[in-house]
Amino acid sequence: MTLTLRVLAPDQSVFDGTADEVILPGTTGQLGILTGHVSMLTALDSGVLRVREGANWQSIALMGGFAEVVANEVTVLVNGAELGSSINAAAAQTDFEAAQQAAAALEGSDPSPEKVKAQQALARARARLQASKGA
């Protein structure tokens, strides 16, 4: 028995297929989903969703959202998503380094909208970089 997985962003359907295992980037840590999983609704952080089909793993960079698991169907609704295989690893590395520098420049400063945006940009850049490497 397999899971049905749908990953939906506002502008596209990123993934629609079957999986033997799904690992979600939950806001409290990674969540592993196998067939027969209890029904649940959970918030997702920016991170990498991993999909296993047989012995093959695929990575998808997620930009926060929600996931619902019901009767071996996993529906992921996110603000943005990108297949790891479609991300240019060199460009993702450059973006990550720039986001890291921007966040480091605001380290130690008082909380501000700019600091929050820099931290969110760093999380998105990290997710894209990890997904591009299949990690």
Taking Cα atoms, how many degrees apart are the long axis of helix 89-105 and the longest axis of the chain, rounded to 10 and kept between 0 and 90?
50 degrees
Per-residue ³J(HN,Hα) for segment 2-19, Karplus 6.51 cos²θ - 1.76 cosθ + 1.60, θ = phi - 60°, Hz, x for Gly and Pro:
10, 8, 9, 10, 10, 10, 10, 10, x, 9, 6, 9, 7, 8, 8, x, 10, 8
Quick check: residue separation of Val116 and His37 times 0.36 nm, minus the Cα distance between them. What number comes out in nm?
25.0 nm
Give me the distance in nm between label points sitting 7 Å out from Cα along the Cα-to-Cβ direction at Gln93 and Thr4, one decimal.
4.1 nm
Summing -39500 (n - 2.57) over every DSSP H run of at least 4 residues in the chain and dividing by its residue count gives a helix-only mean residue ellipticity at 222 nm, to the nearest 500 deg cm²/dmol, of -9500 deg cm²/dmol
Using the heavy atoms of the protein chains and a 1.4 angstrom probe, tell me the accessible area per residue for the chain in square angstrom.
54 Å²
Working from Cα positions, state the angle (0 to 90°, nearest 10) between the long axis of helix 113-132 and the longest principal axis of the chain.
50 degrees
Could you please state how large a percent of the accessible area of segment 41-97 is carbon and sulfur, counting protein chains only and using a 1.4 Å probe?
51 percent
In terms of the alpha carbon gyration tensor, root eigenvalues a ≥ b ≥ c, rounded if a/c is under 1.5 and otherwise prolate when a/b exceeds b/c or oblate, segment 13-67 is oblate
Just want the answer: with Cβ charges of +1 for Lys and Arg and -1 for Asp and Glu, which residue in Gln101, Ala71, Gln120 is farthest toward the dipole's positive end in segment 1-134?
Gln101
Value of D in µm² per second that Stokes-Einstein yields for the chain, Kirkwood Rh from Cα pairs, at 10 °C (1.306 mPa s):
103 µm²/s
Below 8 Å between Cα atoms, with a sequence gap of 6+, how large is the relative contact order for the chain in percent?
24 percent
Computed for the chain: size of charge dipole around the Cα centre, +1 on C-beta of each Lys and Arg, -1 on C-beta of each Asp and Glu, debye to nearest 20, value 160 debye
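The values are calculated or read from the model by the stated rules, or taken from the named source; none is laboratory data. This one's a predicted model, so the numbers in the text were calculated from it and none came from an experiment. Note that each Cβ is placed from the backbone with ideal geometry, even for glycine, and that neighbours are counted across all protein chains shown. Ligands, DNA and RNA are excluded from the accessible area calculation, which covers all protein heavy atoms including side chains. Shrake-Rupley method; radii C 1.70, N 1.55, O 1.52, S 1.80 Å.
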